[in-house]
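Contents: one structure, followed by commentary.
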There are 2 protein chains.
Amino acid sequence: MLEVYHAEPVANSMKVLICLKEKKLDFVSHYVNLLAFEQHEPEFVAINPNGQVPVIVHNGFAINESTIINEYLDDVFPEIPLRPEDPVWRAKMRIWSKFVDDYFCPALSMIGWHLLVRKVAQSLNKDELDEVLSKIPLKAQREKWATVAGDSFTAEQLGESRRKLGVSIEKMEAILGESEWLAGPAYSLADLNSFSMVAGVERLHPEFLNEDKAPLALNWLKRMQERSAVQEAMAMPNKVPETLRTIGG
Amino acid sequence: MLEVYHAEPVANSMKVLICLKEKKLDFVSHYVNLLAFEQHEPEFVAINPNGQVPVIVHNGFAINESTIINEYLDDVFPEIPLRPEDPVWRAKMRIWSKFVDDYFCPALSMIGWHLLVRKVAQSLNKDELDEVLSKIPLKAQREKWATVAGDSFTAEQLGESRRKLGVSIEKMEAILGESEWLAGPAYSLADLNSFSMVAGVERLHPEFLNEDKAPLALNWLKRMQERSAVQEAMAMPNKVPETLRTIGG
């Protein structure tokens with residue numbers, strides 16, 4: 001049995017949801033409501049000690065880290081392959097996915113936390129906040145919550161993250177000048193791993209992603225949006241109120 | 001033809017050197033002297049635009065990022081496999097390697113920069129430093145050089161990195177309580193990817209890695225040091241003066 005613990009179809013949850021849909025896999029969906037802090041509850045932390053989504057549980061084994069989950073799914077369910085056969089393209093798929101994880105996603109995440117999670121954190125009174133913080137397993141994650149509950153990130157930090165979004169889209173545009181997809185002539189994990197981040201830039205910072213500056217990246221985003229797997233993933237449950245939706249879908 | 005651009009056998013260069021030796025691969029070695037800033041020279045930046053080692057060039061294609069290079073080598077030269085067959089162990093191999101890249105190695109790296117690279121940076125006069133900085137492609141890397149040339153990292157930052165070394169060894173000890181190697185019953189990339197970092201902790205912070213606190217991790221380190229591939233990698237050229245050697249071999 002394949003169980004998937006995920007939030008709404010954005011960010012890292014979205015990476016795994018698209019992969020599952022591309023591979024046409026049956027799975028038991030467990031929606032983890034991040035706004036209700038379900039990811040920090042003991043039942044969930046027993047599954048992922050980091051208290052983060054997404055996680056899959058397959059034949060009783062739990063696996064976290066979205067990029068690694070997607071490679072696992074491709075290892076175990078190779079019928080619809082999502083990694084390039086050619087080892088050089090496969091390495092480039094991993095290099096791009098690592099760049100998204102280490103650089104692109106954290107930059108977008110900081111801006112998303114500042115716009116969205118801050119509203120949630122600031123709606124809590126001191127006791128409620130202390131209660132939330134006391135349950136967060138990862139120190140870095142506790143500090144992020146404390147930051148947005150307080151003065152949030154500095155203008156300098158946010159500016160640096162915006163700059164990184166620009167660099168990410170420029171890099172993507174350059175790659176798409178060389179190949180049709182982000183890791184070669186065929187659609188791969190490199191593409192689906194980036195969809196939610198690129199969609200977030202289009203929504204939040206169109207000054208980086210428009211016909212003028214990044215036509216190839218924009219065309220890539222349209223091709224992604226037309227895929228039925230992406231549409232099916234976007235149709236997955238989303239309990240985030242409209243007023244708090246800033247990123248992704 | 002397989003060409004390898006690497007520095008002395010420590011840190012990320014060491015990961016790739018051990019992998020090559022385990023696989024008994026012939027390769028053309030190009031020693032990049034980091035203390036002479038060869039990694040920022042145009043000839044090298046043409047090979048890796050990030051200006052960092054290690055990089056391999058195989059059949060004319062350059063691949064960077066040590067963890068990804070090692071997966072590539074295992075994809076292309078599968079005769080002596082270094083990834084678990086079982087997909088769950090394989091995922092755990094990737095999760096551990098990602099933890100080393102994202103958490104363990106940066107913590108050790110900050111301490112190494114503070115002890116070693118700082119001496120180099122502070123030996124430069126202002127013009128020499130400006131010249132070095134002007135050639136560094138990555139902003140984050142330029143900032144690290146500027147930091148150690150100035151007041152270096154704060155006591156708080158260094159303390160946090162030391163704390164992370166302790167967490168890393170504790171995590172390793174827990175894993176080795178469950179399996180003989182870091183990703184299951186067999187030696188794998190998870191092990192060789194961590195060797196240099198663990199050896200660095202033994203040398204710099206034995207308070208975390210000793211018979212009392214982490215007997216399994218210490219035993220793992222001894223088993224690693226006995227491997228002929230590790231010994232061959234450690235025997236690779238090292239142009240760092242003895243007085244500047246603080247980490248690894």
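The values are calculated or read from the model by the stated rules, or taken from the named source; none is laboratory data. Computed from a predicted structure; not experimentally measured. Don't worry about glycine lacking a Cβ; one is built from the backbone with ideal geometry, like all the others, and counts go over all protein chains shown. Areas reflect the complete protein model, heavy atoms only, side chains present, ligands, DNA and RNA absent. Shrake-Rupley method; radii C 1.70, N 1.55, O 1.52, S 1.80 Å.
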**Request:** Loop only per DSSP, at most 16 neighbouring Cβ atoms within 10 Å: give me the GluC sites (Glu not before Pro) in region B:76-140, ordered by residue number.
**Result:** B:Glu79, B:Glu85
**Separation of alpha-carbon centers, region A:60-94 and region B:10-26, rounded to whole Å** = 24 Å
**Prompt:** So which of A:Lys24/B:Lys23; A:Lys98/B:Lys139; A:Lys171/B:Lys24; A:Lys15/A:Lys164 end up more than 27 Å apart, counting from Cα to Cα?
**Reply:** A:Lys24/B:Lys23; A:Lys171/B:Lys24
**Item:** Gap separating the Cα centres of region B:98-160 and region B:172-233, nearest whole Å
**Value:** 26 Å
**Prompt:** When the Cα atoms of chain A are enclosed in a convex hull and the volume is divided per residue, what value in Å³ results?
**Reply:** 120 Å³
**Prompt:** Lys/Arg Cβ at +1, Asp/Glu Cβ at -1, dipole of the protein assembly as shown taken about the Cα centre: which of B:Asn59, A:Asn48, A:Val240 is farthest positive-ward?
**Reply:** A:Val240
**Fill in**
In debye to the nearest 20, the charge dipole size for region A:120-249, taken about the Cα centre with +1 at each Lys and Arg Cβ and -1 at each Asp and Glu Cβ, equals 240 debye
**Prompt:** To the nearest 100 Å², how much accessible surface do chains A and B cover up together, summed over both, with a 1.4 Å probe?
**Reply:** 2000 Å²
**Message:** If every alpha-carbon in region A:1-149 counts as one equal scatterer, what log10 I(q)/I(0) does Debye give at q = 0.17 1/Å?
**Reply:** -1.04
**Asked** How far, in whole Å, is the nearest Cβ of chain B from the axis relating it by rotation to chain A, and which residue carries it?
**Response** B:Asp102, 4
**Prompt:** Heavy-atom accessible area of B:Leu34 with all protein chains present, probe 1.4 Å, nearest 10 Å²?
**Reply:** 50 Å²
**Fill in**
Per the C-alpha gyration tensor (a ≥ b ≥ c, the square roots of its eigenvalues), region A:192-246 is rounded if a/c is under 1.5, else prolate if a/b beats b/c, else oblate; here it's oblate
**Asked** Can you tell me the accessible area per residue over region B:58-152, all protein chains present, probe 1.4 angstrom, in square angstrom?
**Response** 46 Å²
**Complete:** With every protein chain in place, the residues of region B:80-95 shedding 10 Å² or more of accessible area versus the chain by itself (probe 1.4 Å) are B:Pro87, B:Val88, B:Arg90, B:Ala91, B:Lys92, B:Arg94, B:Ile95
**Message:** Would you work out the Kirkwood radius for region A:127-215? I mean one over the mean of 1/r across all pairs of different Cα atoms, in Å.
**Reply:** 15.7 Å
**Message:** Treating the point 7 Å from Cα along Cα-beta-carbon as the label, what are the nm separations from B:Asp212 to the other copies, to one decimal?
**Reply:** 6.6
**Message:** Would you work out the Kirkwood radius for region B:1-84? I mean one over the mean of 1/r across all pairs of different Cα atoms, in Å.
**Reply:** 12.9 Å
**Item:** Position B:Ala36, label points 7 Å along Cα→Cβ, spacing to each other copy in nm (shortest first, one decimal)
**Value:** 6.4
**Request:** Using every pair of alpha-carbon atoms in region A:67-111, split the distances into 10 Å bins beginning at 0 and state the percent of pairs per bin, rounded to integers.
**Result:** 26, 46, 23, 5
**Message:** So if each residue of separation counts as 0.36 nm, and I subtract the Cα-Cα distance between A:Val167 and A:Asn125, what length gain in nm does that give?
**Reply:** 11.3 nm
**Request:** Grab every C-alpha pair in region A:93-150, bin the distances at 10 angstrom width from 0 up to the longest one, and report whole percents.
**Result:** 23, 43, 24, 9, 1
**Request:** Place the label 7 angstrom along Cα→C-beta at B:Glu79 and in each other copy, then list the distances from the first to the rest in nm, shortest first.
**Result:** 3.6
**Complete:** Heavy-atom accessible area of region A:97-216 with neighbours in place, 1.4 angstrom probe: carbon+sulfur share in percent works out to 53 percent
**Message:** What value in Å³ per residue do you get for the convex hull of the alpha-carbon atoms in the protein assembly as shown?
**Reply:** 158 Å³
**Complete:** Taking a probe of 1.4 Å and leaving out DNA, RNA and ligands, region A:198-249 shows per residue an accessible area in Å² of 53 Å²
**Item:** Charge tally in the Cβ shell below 11 Å around B:His30, where Lys, Arg are +1 and Asp, Glu are -1, B:His30 excluded
**Value:** -3
**Complete:** When the charge dipole of region A:116-232 is computed with +1 on Lys and Arg Cβ and -1 on Asp and Glu Cβ about the Cα centre, the Cα farthest towards its positive end, among A:Asn125, A:Ser194, A:Pro215, belongs to A:Asn125
**Item:** Probe 1.4 Å, all protein chains present, accessible-area order of B:Val240, B:Val45, largest first
**Value:** B:Val45, B:Val240
